[in-house]
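The values are calculated or read from the model by the stated rules, or taken from the named source; none is laboratory data. Since we're looking at a predicted model, the values are computed, not measured. With ideal geometry, Cβ positions are generated from the backbone for all residues, glycine too; neighbour counts draw on all protein chains shown.
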Amino acid sequence: MVGLVVVCHSRPLARAAVALATEMTRGRPLTLEIAAGLDEDTYGTDAAAIMEALIAADTGDGVVVLMDLGSAVLSAETALELLDDEVRERVVLCPGPLVEGLVAAAVAAASGASRDEVAAEAAAGLAGKESHLGVPSEDQIIGGTREGPSATVEVTDPHGLHARPAARVVTEARSFDARVELRNATTGSGWVSASSLSKVATLGVLQGHELEVRASGPQAQEAVDRIVAVAGSGELIEPGGDGSGFSTEQRSSTGEPRDRGSLGENEAGGGPQGRAGADLRADGARHQAGPASPGVAIGPAAHLRAAPLDLPDLPSLGAEPELRRLEQALDAARREITSIPDPIFDAHLLLLDDLLPEARTRIEQGAPAPQSWHRAVSSVAAQFDALTDPYLRARAADVRAVGDQVLRLLLGAPAATTTADGVLLAADLTPAQAAALDPARTAGVLLAAGSPTSHAAILTRTRGIPAVVGAGPQVLDVPDGTLIALDGGSGTFVVGPSGTDLATFRAAASQQATVREAARSLAFEPAVTSAGVEIAVGANIGSVEDARVAAANGADLAGLVRTEFVFLDRAGAPDVDEQVAVYRAIAEAFGGRRVTLRTLDAGSDKPLPYLPAPAEANPFLGVRGLRLSLAHPRVFAEQLLAIARVAREAPVSVMFPMVTTVDELRRARVMLDEAVARTGSGRPAGLRVGMMVEVPAAALRAAEFTPYAEFFSVGTNDLTQYTLAAERGNAALMSLSAGLDPAVARLVDELCRAAAADRVPVAVCGELAADEQAVPRLLAAGVRQLSVAPALVPLVKQTVRAI
Ligand code: PEP
Ligand code: MG
């Protein structure tokens, strides 16, 4: 008989639902387990408890799981991951409603139905209620006559209801508890839902057109009044905007940057003071933004370009997994879009919602997610293509751009190639894009978003490419080919520099080159302070190539290998052999010097399409770093096995990221011990185990970690963001994250004191390790190892020597 498992936030609720369901089975036997609540009174779900329930309910004929909302689904997915393959194959997570679905499933299971029949019954649990209540489809509502308030208003906005004003109307309409519909009375269009951006934009409402509004539901009147007020008052355009439409960092099909008009100058993205003004087209002014990677770059502007995408011809894995895949890609796209603090991107979020229903229908009809999404995008874009108004027609490119963004995430394809010759301009770069930059071709990078400790900034530094970040969205309007000069050490940049400007930048470049040359001549000498203290200066690396550059720059060790580069931008996790090959190549590049392999440090800030990551309101405070690895024990165990194998061949340190509690560290160590045991004979002699200190709680309780850590490495990028409550990639908070904050310095003091008591060495691998002002203070606290971008190793050794 098929077993049932009820996963629910509340134990009493689960019991009541089960009582109701068993009442319907009239005493026939049923295999049913409950995994609900954290205890009798505490709401929550627990993956371990769900796993036990699944095992108990597994009679061999299959198990159907009914869940309530939110984390119930995620915990059930995690529990599935923990099961043996054989059991997992018999389990199906059912999207049916908890109560109705459970009743239907119980009746079907008790009467001997198969697993798939039980799941289908449960999934259709709402059908009876829907047909009884006569729930109408959207088309019926929109096409039919309905009672409710209505009004007509002349649209006074000079841009009509073009994309951005349309987005404003949609946002207003969605804010009411009402179903709002619109039609263009002047052209005699049909009614469309006011909640759909693509439908509202395609009404073709121009200035002077009559817009008809009608609504039903509890707040119908308020909704109609509000839409009439904003549409009739010219209020559609936010202060500082010109209503010129929603745009994107991607270029139009002609390759020309689209005209985004003025975006409200400095306040548009909440960026740093004094950054770029409204129109940067060769204005020749000096602008100040975030210094991200030192060095001077002079070259023509080159915008990020998307590479063409191929849709693989693969069959659907089934509606449920394909829908889940699409939802994950949409969540990741939403995160990417909202990471750029610019109101114009709000329209893109609305477009995602518009495209979803058609894609979902296609998936339910048996098509795979990429094909379904692609078709939905094509059909909505075609609606724009068919319009007569040239401005609206051009908006098809926006639909395609946002559609492409999701498709790339679905396929694990890189978002855009970064092989630009000159100064690369982009809204932001993903870690994979930044890691793929070629210093031979890209002279410099100028980003609209980000801060000096954002992942993109760190990676430009790693690649040794001068970069300025947080420059504001206006940089996206600079036409391709415009000459740009930037100084990544000071954060200064000029679009269209004069001859005098160019001479100044060139002088700075030549002075920096002299300093660099002097440092390079001593790169292979140890870094010893004038007091005779030797400091190991290592490199932070994110690729085998970085390892070679680091070795050539005299790095004493690899103080941080960001292993996520092996995991990013691909459809599935790398297997053990692939990881061994990469870690071995890094160790070989370091020729016997120590290599510190940090275990996977991903999360919804660096999403991986193949590890289910729920949308999180605060990704940096979410399931990230070691938390994510512990939540995916199979992936973690494989990485530890690969590391343990390489540790038999070379001196390797394992470092766990974002450790918060001693229990996490102990669990990670147990898994590492298991991995070492799987490689055969005892523990490799050169293997060391340590942790990053990036969470203030870990710094403050360092003494409790010392029994389990052979070294600490301070991740000042994260430690600073968590201490100052200032997200590291947020350009508006750049000043909070700059330099060594006194509060962070006190945490480092506390850590070093506790570490010294137990003779545990302390390193710093965050970006402050290369900060000339911060280094003396860090060494005074007791830090004895620094790890920095490969190209900066010689300069940091010089900094140490000057102390
Ligand atoms: C840090 O947080 O300082 C660190 C080195 O880790 P990452 O920048 O990779 O988060
Ligand atoms: Mg970190």
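Quick look at the values:
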{"item": "Candidates 667, 627 - the one that is among the charged types (D, E, K, R), surrounded by fewer than 21 Cβ atoms within 10 Å (Cβ to Cβ) and closer than 23 Å to residue 721 by Cβ", "result": "627"}
{"item": "Condition met for residue 554 (surrounded by fewer than 14 Cβ atoms within 10 Å (Cβ to Cβ), in a loop (DSSP other than H, G, I, E, B) and on the phi > 0 side of the Ramachandran plot)", "result": "no"}
{"item": "Residue count, the stretch 423-464 (criterion: among the hydrophobic types (A, V, I, L, M, F, W, C) and either assigned by TED's automatic domain parsing to the domain that holds residue 405 or in contact with a helix residue (DSSP H, G or I) (Cβ under 7 Å, 6 or more places away or on another chain) (or both))", "result": "14"}
{"item": "Top-ranked residue in the stretch 664-691 [being touching a strand residue (DSSP E or B) at 6+ places or on another chain (Cβ under 7 Å) and of a type outside the set (A, V, I, L, M, F, W, C); ranked as farthest from ligand 2 (Cβ to nearest atom)]", "result": "686"}
{"item": "Which listed residue is charged (D, E, K, R), surrounded by fewer than 17 Cβ atoms within 10 Å (Cβ to Cβ) and closer than 28 Å to residue 364 by Cα, from 41, 84, 68, 61", "result": "61"}
{"item": "Count - residues of the stretch 478-534 that are outside any loop (DSSP other than H, G, I, E, B), touching a residue at least 24 places away in the same chain (Cβ under 8 Å) and of a type in the set (Gly, Ala, Ser)", "result": "6"}
{"item": "Residue count, the stretch 586-620 (criterion: part of a helix (DSSP H, G or I) and at pLDDT 95 or above)", "result": "4"}
{"item": "In the stretch 527-549, the residues that are more than 15 Å from ligand 1 (Cβ to nearest atom) and under 15 Å from residue 588 (Cα atoms)", "result": "544, 545, 547, 548, 549"}
{"item": "Within the stretch 71-92, tally of residues that are in contact (Cβ under 8 Å) with a residue 12 or more places away in the chain and outside any strand (DSSP E or B)", "result": "15"}
{"item": "Flag for residue 672 being within 16 Å of ligand 1 (Cβ to nearest atom) and either farther than 22 Å from residue 533 by Cα or assigned to a helix (DSSP H, G or I) (or both)", "result": "no"}
{"item": "Unmet criterion (only one of (1) more than 16 Å from ligand 2 (Cβ to nearest atom); (2) polar (S, T, N, Q); (3) closer than 19 Å to residue 565 by Cα) for residue 661", "result": "(3)"}
{"item": "Some residue of the stretch 721-733 being of a type in the set (A, V, I, L, M), farther than 24 Å from residue 558 by Cβ and away from ligand 1 (no atom under 16 Å from the Cβ)", "result": "yes"}
{"item": "So residue 630, is it more than 16 Å from ligand 2 (Cβ to nearest atom) and in contact with a His (Cβ under 7 Å, 6 or more places away or on another chain)", "result": "no"}
{"item": "Residue in the stretch 654-666 that is without any contact (Cβ under 8 Å) to a residue 24 or more places away in the chain and more than 16 Å from ligand 1 (Cβ to nearest atom) present", "result": "yes"}
{"item": "Qualifying residue in the stretch 39-61 (condition: under 21 Å from residue 125 (Cα atoms) and not assigned by TED's automatic domain parsing to the domain that holds residue 328)", "result": "no"}
{"item": "Helices (runs of 4 or more DSSP H) wholly inside the stretch 692-762 containing at least 3 residues that are away from ligand 2 (no atom under 16 Å from the Cβ)", "result": "702-705, 734-737, 742-757"}
{"item": "Every residue from the stretch 748-793 that is closer than 18 Å to residue 657 by Cβ, surrounded by fewer than 24 Cβ atoms within 10 Å (Cβ to Cβ) and among the charged types (D, E, K, R)", "result": "none"}
{"item": "Residues of the stretch 18-65 that turn out to be under 20 Å from residue 95 (Cα atoms), of a type in the set (Ser, Thr, Tyr) and either assigned to a loop (DSSP other than H, G, I, E, B) or in contact with a Lys or Arg (Cβ under 7 Å, 6 or more places away or on another chain) (or both), as a count", "result": "1"}
{"item": "Scope the stretch 763-776; condition assigned to a helix (DSSP H, G or I), of a type in the set (A, V, I, L, M, F, W, C) and within 14 Å of ligand 2 (Cβ to nearest atom); matching residues", "result": "768, 769"}
{"item": "Residue under evaluation residue 625, criteria (1) within 20 Å of the chain's Cα centre (by Cα); (2) within 13 Å of ligand 2 (Cβ to nearest atom); (3) at negative phi, criterion not met", "result": "(3)"}
{"item": "Any pair with Cβ under 6 angstrom, 6 or more apart, that starts in the stretch 771-798 at a residue that is at positive phi and ends at one that is assigned to a helix (DSSP H, G or I)", "result": "782/752; 782/756"}
{"item": "Any hit, the stretch 148-159, residues being without any contact (Cβ under 8 Å) to a residue 40 or more places away in the chain and surrounded by fewer than 24 Cβ atoms within 10 Å (Cβ to Cβ)", "result": "no"}
